[in-house]
1. Using a 1.4 Å probe on the protein heavy atoms only, what accessible surface does L132 show? Give it in Å² to the nearest 10.
2. Keeping all protein chains in position, work out how much accessible area R84 exposes to a 1.4 Å probe, and write it in Å² to the nearest 10.
Amino acid sequence: MSSPTPSQPPRSEDRGVDHETRSATALAHLILNGALVVLFAFLFVQAGALPSSMWEPLGAGSFPRLILLVLILINLGIMAQEWRRYRAATSASPGLARRWLWCHRLALGVLALFALYIVGVPLLGFRLASLLFLALAQLGVISR
């Protein structure tokens, strides 16, 4: 990977990062932005089904579709940039994913707990599900 030119400062995640994690970071960005493209494309199609009004000549879905199209194009541009970085980076060492998961265990745990909270609200009710979520989140933070 070439060093950045003076007009292009290094990205914040490139500072202090070893070469083996650059490939993994670029791959993670590719996956995330690809998922966002799929999500935005789905929402683009759904926005076309918004009811139209006789007062709006373009329809109710025209502005959301325009914004979603811009978001899709931005994410495709990011994916093209990250693909070049992924191809230029060296391959990651074995065990990098396990180390990454261990370093981010708190964030991933809270995310999993939040998913359980979303499922638990209809089953347990808002109050009990919220109480359990907050108590378990605090226990997770304290035990770290």
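The values are calculated or read from the model by the stated rules, or taken from the named source; none is laboratory data. Source: prediction; values computed, not measured. Accessible surface is based on the protein model in full, side chains and every heavy atom, while ligands, DNA and RNA are left aside. Shrake-Rupley method; radii C 1.70, N 1.55, O 1.52, S 1.80 Å.
1. 80 Å²
2. 150 Å²
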